[in-house]
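Okay, structure first, notes after.
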Amino acid sequence: MLKIVGYPDRYSVAPGETISFQISVEEGETFDARIVRVLNGDCNPDGPGLSLPHVPTHIDGTYPARKQHIDAGSFMRVPTMPALAEGAFTFFATIWPTLTDRGDQTLVAQWDETKQAGFRIELVDGGKLGFVAGDGSRTVTVATARPMLVRQWYRVAVAYDPAAGKVTLTQEPLRRYPTIDDAGHQEAELGLTPSALAVPMLMAGSPEAGGTIGRHYDGKIDSPALVRGVQDLHRYGALLRSNVPFVSDPDLIARWDFAKEIRTTRTVDVGPSRHDGELVHLPSRAMKGWNWTGEQHDWTRKPEHYGAIHFHRDDIYDAGWETSVAFTLPDDFKSGGYALHVRCGESDEQATREDYLAFFVRPPRGANRGERPKVAFLAPTCSYIAYANHGEHITARGAEALMNRLLPFGHSDLYMYYHPELGGSLYDSHADGSGVCYSSRLRPVLNFTSRYHSWLGGHGSALYQYNADTHLFYWLDQKGVEYDVITDEDLHQDGYELIKDYQVILTGTHPEYHSTRAWDAMKAWVDRGGRLMYMGGNGWYWRVGFHDELDGVIELRRAEDGIRPWIAEPGEYFQSFNGEYGGLWRRIGRAPNVMAGIGFVAQGFDISSYYRRAPDADNPRASFIFKDVPDEIIGDFGLIGGGAAGIELDCINTDLGSPPNVLRLASSEGHSSMMQLVNEEFGVVPPALGGDQNDQVRADMAFCETPSGGAIFATGSIAWCGSLLPNNCDNNVSRITWNVLERFMDPKPFVPGS
Amino acid sequence: MPYKIDPAVDRQYIEEMRRNPIGAHSPGLQRVLNTLRTDKSGRQVILVVLKPFEKWVLGEMPPDRRDPITIEDGPVFTSREEAEWEIFRRRWFQHTGENINLPFRD
């Protein structure tokens, strides 16, 4: 298990700026911290070994340790609600519960846990509508007789009458099924008077002792409202009509319309008192409501059909930890990959007591930019965030069969298992089975670190995403290449201006996720003469969105196609952060081939294979690539699965946008049956999906010249960079890569067809 | 009905598994492995890493994440392939009642 974890407040920092690190230590009174350069995070003894040289700075030293916690689970807070229990009131909502067997779940509360005072309207006892009252000395719970079903819509009404000392509870399913009796109506005397507390009202959670929030509700809430007096569901009907000015209703306390300000974390009370709320830990918005008909899938065009918010007990946006170490970079700090190495003791077989909290130093901003190198590495931070705490080996069964080998659990994986409050990746599902569509970096991300060996990283080094990219850092260092590091977030924020002066950009091994602004900027750069070295596979695959106001979080909708560990509900394909249609870039006419010349075609995580030289390798246009490489077989070695072609593969497809002038330099072969065609490649399931029988399953190494004198070189394989390092970087994969980089750094324009 | 392992038919793949536990398998061995790796109970055998690239033991993840992972004291494996062979032997016994009394390496 891990005894020290943490996270930086940003993944990209410029010289002269400050980056802070939030750290939790479970053992000891102090920890040591120092900055290291990240050149190779791979412990595999078959490779060159870890290379994390110390970079002395003024923050080197020993710091006081403290244990910090994450209080996960989304909810809504209304800060200015008067004490509701002072008089009679009725709470209405239309709800869609999704996980009713995990204890009491609060819909609405004005509650003091320490004093056991106030009220909570909840789902209790497996899904029965309940009312919990506390007067400071004792509590009482009343509930309906029957639980609600999961993933069904209900109208609920809870009326409290202090004069009569009574509560009336009504749960009414919107759809009836023969033999199923899930409606409920209960009138009960409480036998006590709940304390009337003028404290913030919470929805989908209630306060716990110590200041945390608990009893989270899992599911959707649509159109909640509060009305003075004891009312029945007939009164709710009028409140459900949209665009009605409720100011004329003298009894209205609040009516929240979740279809308003969907892009924000605010909730709007359309009543006259404006008891607007704030959402904490990003529950899912732009969720279809009880009245969604299917006539419109775009919430921006019919927001009144998207009046639901889906809350989850395991939503997390910002862990909110206190800063442990802050590092202000000197103005001349070199761009590159770095980490804060933190250590609280000796590691052993039972515990790891050190971590490498990764970050990148980007070039200076604006006028301080200065002379830059010709080469940049685009750190795929959107992909790192998408995969943050990727836990399918924990949450999904069948991963062993997919990997074709046992699932390794290092200390990080064990820690992840016992700490679901870390939150999942965009590959995981919430505890209630719905997909995780938001992922933030403001939390410990256990797989964004050196020394992490992934359960899906291929046999051998078993690296995936960030740590796999350190193979490229090592190779660039060994080759003495001067380069800047920029990140996806930088490109999204700064646009084309950030990259316009670079002659060469190298990608990471798996640059899968991109925002529209970053996609547009990169495409403009390629079309205006940039030289793109696509060093991996399955790039430019999913579209993601950034939030207008919140830092460090992305959204993904796993819409209608692609490799999807969860599938977005029909009608929920449009991103809440920006209203864009989400899903595969391919589905909006921007297949990966348009950007990189090749596109995703197959995946398999057991072993990797090799490339065989293709006739285009002898085309004079490609002669520079194969200088001193006469070999027929390329990359039949490597740290990722034992070959250069593996994990995820891309191939040429002009129908999808590969340029007609593209050269197929080499193609992989010899894949196992577990390297399989991806589902967007077929409409009818073919009898043979595996690489042992299906000739579509291959990586194409490709090259083409682009307009304005630029060019693209594409490897077509996530495993490629794992083959750069063997034999002290002296091998045919390394040589090809160097030949390309050397020519791409030469400013002489590429002339198509010459 | 999914495939059910028939020891008389599938015994031929045991030696292939012993020689190459991780890698490209014959269709017959792959079918056996797919069957052995299917566990409807929700339990999941895992390979616990005591020391990266040096020492492993087997463990089991329960169906419900709120329950703890169990970790075996031994056997301790010095390669992932050795662990694959051990779990193959155990599952083969569960499915067929037959012991495979062969070490990973002679």
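The values are calculated or read from the model by the stated rules, or taken from the named source; none is laboratory data. Model, not experiment: these values are computed from the prediction. Using ideal geometry, Cβ is built from the backbone for each residue, glycine included, and neighbour counts are taken over all protein chains shown. For accessibility, only protein heavy atoms count, side chains too; no ligands or nucleic acids. Shrake-Rupley method; radii C 1.70, N 1.55, O 1.52, S 1.80 Å.
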Matching residues, the range A:440-469, being surrounded by fewer than 24 Cβ atoms within 10 Å (Cβ to Cβ) and not in a loop (DSSP other than H, G, I, E, B): A:SER440
Helices (runs of 4 or more DSSP H) wholly inside the range A:369-439 that include at least 1 residues being within 13 Å of another protein chain (Cβ to nearest Cβ): A:392-395, A:399-403, A:411-418
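Every residue, every condition in (1) within 30 Å of A:ALA431 (Cβ to Cβ); (2) open to solvent by 70 Å² or more (accessible area, probe 1.4 Å); (3) in contact (Cβ under 8 Å) with a residue 24 or more places away in the chain; (4) more than 11 Å from chain A (Cβ to nearest Cβ), yes or no:
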site	(1), (2), (3), (4)
B:MET1	no, yes, no, yes
B:HIS25	no, no, no, no
B:LEU29	no, no, no, no
B:TRP56	yes, no, yes, no
B:ALA83	no, no, yes, no
B:ASN101	no, yes, no, yes
B:ARG105	no, yes, no, yes
Subset of the range A:630-651 [on the phi < 0 side of the Ramachandran plot, crowded, with 24+ Cβ neighbours inside 10 Å and assigned to a loop (DSSP other than H, G, I, E, B)]: A:LEU639, A:GLY643, A:ALA644
Unique match (being touching a strand residue (DSSP E or B) at 6+ places or on another chain (Cβ under 8 Å) and within 16 Å of B:ARG90 (Cα to Cα)) among B:LEU58, B:LEU36, B:LEU50: B:LEU58
Lone unmet requirement of (1) touching a residue at least 40 places away in the same chain (Cβ under 8 Å); (2) within 27 Å of A:GLY642 (Cα to Cα); (3) open to solvent by 20 Å² or more (accessible area, probe 1.4 Å) for B:THR96: (2)
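So that you can scan it fast, the table gives a plain yes or no per residue for (1) out of contact with any Gly (no Cβ under 8 Å at 6 or more places or on another chain); (2) open to solvent by 60 Å² or more (accessible area, probe 1.4 Å); (3) at pLDDT 95 or above; (4) within 30 Å of A:TYR418 (Cα to Cα):
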| position | (1), (2), (3), (4) |
| --- | --- |
| A:GLY6 | yes, no, yes, yes |
| A:ALA14 | yes, no, yes, no |
| A:SER20 | yes, no, yes, yes |
| A:ARG37 | no, no, yes, no |
| A:GLY41 | yes, no, yes, yes |
Top-ranked residue in the range B:58-81 [being among the polar types (S, T, N, Q) and over 18 Å from A:ARG397 (Cβ atoms); ranked as most open to solvent (accessible area, probe 1.4 Å)]: B:THR78
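Yes or no, residue by residue, for (1) farther than 21 Å from A:THR98 by Cβ; (2) in a loop (DSSP other than H, G, I, E, B):
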position: A:TYR177; (1), (2): no, yes
position: A:ILE180; (1), (2): no, yes
position: A:GLU187; (1), (2): yes, no
position: A:LEU192; (1), (2): yes, yes
position: A:SER195; (1), (2): yes, yes
Residue that is modelled with the lowest pLDDT [pool: residues in the range B:40-54 that are in contact with a Pro (Cβ under 7 Å, 6 or more places away or on another chain) and at the interface with chain A (Cβ under 7 Å from one of its Cβ atoms)]: B:GLY42
Meets criteria (within 12 Å of chain A (Cβ to nearest Cβ) and either at pLDDT 95 or above or closer than 28 Å to A:GLU349 by Cβ (or both)) for B:ARG37: yes
